[in-house]
1. To the nearest 10 square angstrom, how much accessible area does V177 have with a 1.4 angstrom probe?
2. For D137, enumerate residues with amide H under 5 Å from its amide H, sequence gap 5+ or separate chain, H modeled in the peptide plane.
3. Taking Cα centroids, how far is segment 147-177 from segment 94-128 in Å?
4. Taking only the alpha-carbon atoms of segment 101-197, what semi-axes of the equivalent ellipsoid follow from 5 times the gyration tensor eigenvalues under a square root, in whole Å, largest first?
5. In segment 102-190, carbon and sulfur make up what percent of the accessible area (probe 1.4 Å)?
6. Give or take rounding to whole Å, what are the principal axis extents of the alpha carbon atoms in segment 152-197, in descending order?
7. Can you work out ³J(HN,Hα) from phi for every residue in segment 118-129, in order, using Karplus 6.51 cos²θ - 1.76 cosθ + 1.60 and θ = phi - 60°, giving whole Hz and x for Gly and Pro?
8. Quick check: with the 1.4 Å probe, what order do W26, W148 take by accessible area, largest first?
Amino acid sequence: GAAWSACIESLPEDEEATQEALQELWKATMLSHIQAGNAPPPGNGRGPGSWGRSLKIPKRPPLQLRRQAAELNAQSDAPTSTLIEAAVQSRSVVAFIKGTRAEPECGFSAQVVNLLDSCRADFDVVDVLDEVGNPPDLRDTLKEFTTWPTVPQVFASGEFLGGSDILTEMHASGLLVRVVASAGQQQEQQQQQQQAE
């Protein structure tokens, strides 16, 4: 905001605005503000009005394809492509990202999480960096599965949507919120039908 702009303008003209210089300026500004008022500046703390997501993050951990294979109606020793197919078919929205929903480990993954959260989507994530709960060849197999060269990758109703760039465009046009809402409704209907049987 305005306070940060004023801080940046306070940099001496002969000092280059390197990442390191900006980080040090940010730390000094935050520390000064906290010492003055015993709280971070508005928009930088936890809760509503913060830079962080104000939506509740579900308690469920990321999907682990090998460890949760039975839950996905698959065998734990099934080929990785079969596990991917089982995950995207059994869940309304699945995002294969680097990291977790609470702690994405790259900017593109964070962007996908933020976009889906802003749509109030109920979605699952698969951490492609987790080689304990997931097959070690998950990233390569996922790229072959979709013929899409990068991670993150998002699926809704079993269909591949795209990565962060495609989701950003879909969000800007209003399509993303409709797609994830429809996927959630379809999942609900399937669960109701299964319970009725």
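1. 70 Å²
2. none
3. 11 Å
4. The three semi-axes for segment 101-197 are 23, 19, 13 Å.
5. 50 percent
6. For segment 152-197, the Cα extents along the three principal axes come out at 40, 19, 10 Å.
7. Running phi through 6.51 cos²θ - 1.76 cosθ + 1.60 with θ = phi - 60° gives 5, 8, 6, 6, 8, 9, 9, 10, 10, 7, 5, 8 Hz.
8. Solvent-accessible surface, decreasing: W26, W148.
The values are calculated or read from the model by the stated rules, or taken from the named source; none is laboratory data. Given the structure is predicted, the values throughout are model-derived calculations rather than measurements. Areas reflect the complete protein model, heavy atoms only, side chains present, ligands, DNA and RNA absent. Shrake-Rupley method; radii C 1.70, N 1.55, O 1.52, S 1.80 Å.
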